[in-house]
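Trainee: Starting off with a structure, shown below.
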């Protein structure tokens, strides 16, 4: 296994474990499986828990990717952050869509749904981060 792939798996595994743990704790203990009401907007507990995890894991994921996984990059940090945010935004939409499908449409339990969603999103994220965000610029 290439070192970069190992580092991505280790850092991604840590960040993914943190995300799933935050999801579980937020959903079951902070939100107590209750929807969140903000003015006239109602957010399902599973979506709110996913957003709580995102707020914590987004910056951690960027710094781990930049300084541990893709160290040999020559792209400026601000440019990488913009690219990273673009990929993460797509991942955010994928998370939302899969959770809506699995939980709201299929009636599956939220935590296993989050685990399955993570498999799809992590695969997309790795390919995108490697080939788009942290790709070595031609010299």
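The values are calculated or read from the model by the stated rules, or taken from the named source; none is laboratory data. Since the structure is predicted, the reported quantities are computational estimates derived from the model, not experimental observations. We place every Cβ from the backbone using ideal geometry, glycine too, and count neighbours over all the protein chains shown.
Trainee: Name, by its number, the condition in (1) touching a helix residue (DSSP H, G or I) at 6+ places or on another chain (Cβ under 7 Å); (2) in a helix (DSSP H, G or I); (3) free of Cβ contacts under 8 Å to residues at least 12 places away in the same chain that does not hold for residue 108.
Mentor: (2)
Trainee: Here's another thing I want to ask about it. Output the residues belonging to the range 72-103 that are surrounded by 12 or more Cβ atoms within 10 Å (Cβ to Cβ) and not in a helix (DSSP H, G or I).
Mentor: 73, 75
Trainee: Give the range 104-122 a look and list any residue that's more than 14 Å from residue 45 (Cβ to Cβ) and either within 16 Å of the chain's Cα centre (by Cα) or exposed (fewer than 13 other Cβ atoms within 10 Å of the Cβ) (or both), or say none.
Mentor: Within the range 104-122, 105, 106, 107, 112, 115, 116, 117, 118, 119, 120, 121, 122 meet the criteria.
Trainee: Here's something else I'd like to know. Look through 35, 45 and report the one residue that is crowded, with 18+ Cβ neighbours inside 10 Å and over 15 Å from the mean Cα position of the chain (by Cα).
Mentor: Just a single option satisfies the conditions, and that option is 45.
Trainee: Of the conditions (1) within 25 Å of residue 125 (Cα to Cα); (2) in contact with a helix residue (DSSP H, G or I) (Cβ under 9 Å, 6 or more places away or on another chain); (3) free of Cβ contacts under 8 Å to residues at least 12 places away in the same chain, residue 2 satisfies every one except a single condition; which number is it?
Mentor: Going through the list (1) within 25 Å of residue 125 (Cα to Cα); (2) in contact with a helix residue (DSSP H, G or I) (Cβ under 9 Å, 6 or more places away or on another chain); (3) free of Cβ contacts under 8 Å to residues at least 12 places away in the same chain, residue 2 breaks only (2).
Trainee: Somewhere in the range 73-94, is a residue in contact with a helix residue (DSSP H, G or I) (Cβ under 6 Å, 6 or more places away or on another chain) and more than 16 Å from residue 130 (Cα to Cα)?
Mentor: Within the range 73-94, one or more residues are in contact with a helix residue (DSSP H, G or I) (Cβ under 6 Å, 6 or more places away or on another chain) and more than 16 Å from residue 130 (Cα to Cα).
Trainee: Anything in the range 64-84 that is farther than 19 Å from residue 123 by Cβ, in contact (Cβ under 8 Å) with a residue 12 or more places away in the chain and within 16 Å of the chain's Cα centre (by Cα)? List them, or say none.
Mentor: 66, 81
Trainee: Does residue 56 satisfy the criteria of being in contact with a helix residue (DSSP H, G or I) (Cβ under 9 Å, 6 or more places away or on another chain), at pLDDT 95 or above, surrounded by 13 or more Cβ atoms within 10 Å (Cβ to Cβ) and closer than 27 Å to residue 33 by Cα?
Mentor: Spelling it out, residue 56 is indeed in contact with a helix residue (DSSP H, G or I) (Cβ under 9 Å, 6 or more places away or on another chain), at pLDDT 95 or above, surrounded by 13 or more Cβ atoms within 10 Å (Cβ to Cβ) and closer than 27 Å to residue 33 by Cα.
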